[in-house]
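Participant: Here it is, the structure in full.
The values are calculated or read from the model by the stated rules, or taken from the named source; none is laboratory data. Note that the coordinates shown come from a computational prediction; the quantities given were computed from them, not determined experimentally. Every residue, glycine among them, receives a Cβ derived from its backbone with ideal geometry; neighbour counts consider all protein chains shown. Side chains are part of the model used for accessible areas, which takes the heavy atoms of the whole protein and leaves out ligands, DNA and RNA. Shrake-Rupley method; radii C 1.70, N 1.55, O 1.52, S 1.80 Å.
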Amino acid sequence: MSKRISCRAIVIDQNKLVTMYREKENRVYYTFPGGGRDEGESNEDCVVREALEEFGITVKPIKHVYTYENEKTIQYFYTCEWVDGELGTG
């Protein structure tokens, strides 16, 4: 069984970290926007698509900064520049 690959955007705007508030399975937490990579999609394209879908913003991936892996998933984290869009319209 292959691992699920996902990509996440780390966006800092006006010295504030842009995160997503979630309540799931009786847990409350904040996370970076992101999600599963589509077949044939690059990590960078995945980050751009997910930030647009979830937040309504266009980002430019700057640098891969971290990889998290466990028995089920591999997550790639990228610092990103906020290029365009209005937060909350995704």
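Participant: Looking only at the stretch 34-43, how many residues end up being within 15 Å of residue 66 (Cβ to Cβ) and either over 8 Å from the mean Cα position of the chain (by Cα) or assigned to a loop (DSSP other than H, G, I, E, B) (or both)?
Facilitator: 1
Participant: Still on this structure, please answer the following. Within the group 72, 60, 16, which residue is basic (Lys, Arg), at pLDDT 95 or above and out of contact with any Asp or Glu (no Cβ under 6 Å at 6 or more places or on another chain)?
Facilitator: On inspection, the qualifying residue turns out to be 72.
Participant: Moving on to the next point. One residue is enough: does the stretch 27-40 have a residue meeting the conditions in contact with a strand residue (DSSP E or B) (Cβ under 9 Å, 6 or more places away or on another chain) and open to solvent by 90 Å² or more (accessible area, probe 1.4 Å)?
Facilitator: yes
Participant: Quickly run through the stretch 53-80 and pick out the residues that are open to solvent by 90 Å² or more (accessible area, probe 1.4 Å), outside any strand (DSSP E or B) and farther than 18 Å from residue 4 by Cα.
Facilitator: If the condition is that a residue be open to solvent by 90 Å² or more (accessible area, probe 1.4 Å), outside any strand (DSSP E or B) and farther than 18 Å from residue 4 by Cα, then 53 is the only one that fits.
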